[in-house]
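Derivation of every value follows stated rules applied to the coordinates shown; laboratory data play no part. No experiment lies behind these values; they were computed from the predicted model shown. Counting neighbours? That spans all protein chains shown, and the Cβs are built from the backbone with ideal geometry, glycine included.
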Amino acid sequence: MVQDRAVEQGQPREANGPHETQSQQSDLSARLERLPVGHPSSPYRDDGSWKPPPPDLAKYELPLPDECDSPANSDLSATDQAHTTPDGSWDWKGHKLTPHQSLVADESIAGYRDVEGRDLDGNYSDRGITPAMRRIEAQLDHGHLIEDAEKFALKDPDRFKEKFARLIERYPGADPSELAANIPDGIRYTVILDFDYYTAGVEVGHTRLADAGYERIETKPSWDSDQYKGVNSQWRERDGGVRFEVQFHTEESWDAKQKTHAAYEKIQEPGTPVAEAERLRAYQRQVSAEVRVPPGALEIEPYKKEGQARA
């Protein structure tokens, strides 16, 4: 597990300086070129030719409704935006990545983008996770994906790097590539289920995902929580091993998540004073208390595939 390795190695946090950037970039490029043909992050097509440059993610990726403070939000001031320096290092909201760590994140983001299903023009065919999720949606009699699910399927790159940076801060001795691979929501979907059919709908959703060839990694029901209600599940795409997340909500629980997400993010920040964090938790409890629990939701069983590290 990632956590165990970090504890056992006890390595200091990476401190790569600008003079290391060129060699790190060359090393990463060499690693990418050695990947087998067909690997999502390989720079070559199946016929051996070079892939074209990736599309501009800013054209497609938007923050989820609950990510109003994302760097993709054009309403933020320049001082609130994420920064990438000429040497390749990255920082946002006090979280930092060295040039090498930022490149590792970019490699992971490229893998997500490839398997999500969009072509260079942002169009979909039958290939990819998002088209598969639309086919699964069509099989749900009492549920649907959130509106504009395609816009929100790919996690904003800077939000991904923020989460990656937090993991590095928490496990400074761990392999950055392993940490990046354990971030489950680089691709993510939210399914809204009818209240009266919610519990059965979660089971049907799990069955349809498995039938589509995806491997379930974890299911985390939290309808007994006093601060967040819903079911979060993690899945693995079998060909490239890319993880993605599917959340199951009712209209009420999804609305509550939207209302409390900014509070949740603030609580997670290390610099948030204890008193403010407690006030925000009280607000989360207040909003969550108004969410009705669907029949049978408290009996939904948690699941975790043996040997999987928790991100």
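Considering the Cα trace of region 103-246, what is its radius of gyration and what is Dmax, both in angstroms?
Values for region 103-246 (Cα only, Rg and Dmax): 15.7, 47 Å.
For residue 203 and residue 126, FRET efficiency with R0 = 25 Å and r from the beta-carbon atoms, rounded to 0.05? Intermediate values should be presented prior to the final figure.
Values: r = 26 Å, r/R0 = 1.04.
Once the sixth-power term is evaluated, E becomes 0.45.
Just report the Cα centroid separation between region 173-205 and region 231-271, whole Å.
7 Å
Set the Förster distance to 41 Å, then compute FRET efficiency between residue 196 and residue 166 from the Cβ-Cβ distance, nearest 0.05.
On the way: r = 38 Å, r/R0 = 0.93.
Given R0 = 41 Å and the Cβ-Cβ separation, E is 0.60.
Using only alpha carbon pairs under 8 Å that are at least six residues apart, calculate the relative contact order of region 152-232 and give it in whole percent. Working shown, then result.
Details: 40 pairs, mean separation 17.6, N = 81.
Relative contact order, region 152-232: 22 percent.
Evaluate Rg over Rh across region 229-306, taking Cα atoms for both radii and Kirkwood's formula for Rh.
On the way: Rg = 15.7 Å, Rh = 14.8 Å.
Reported Rg/Rh, Kirkwood definition of Rh: 1.06.
List the GluC sites (Glu not before Pro) in region 140-205 that DSSP assigns to loop (not H, G, I, E or B) and whose Cβ has at most 13 other Cβ atoms within 10 Å. Which are they? Display every interim value, and only then the final one.
Working: sites: 147, 150, 162, 169, 178, 203; in loops: 147.
Listed in order of number, the matching sites are 147.
Fewest Cβ neighbours within 10 Å first, please rank 158, 121 accordingly.
Least to most surrounded, the residues fall as 121, 158.
Quick one: which residues, 5 or more positions from residue 189 or on another chain, have an amide H under 5 Å from its amide H? H modelled 1.01 Å from N in the peptide plane, none for Pro or chain starts.
Placed amide hydrogens put 245, 246, 247 under 5 Å from residue 189.
Run the quick spin-label model on residue 238 and residue 268: label points 7 Å from Cα toward the beta carbon, then report their separation in nm to one decimal.
For residue 238 paired with residue 268, the spin-label model returns 3.1 nm.
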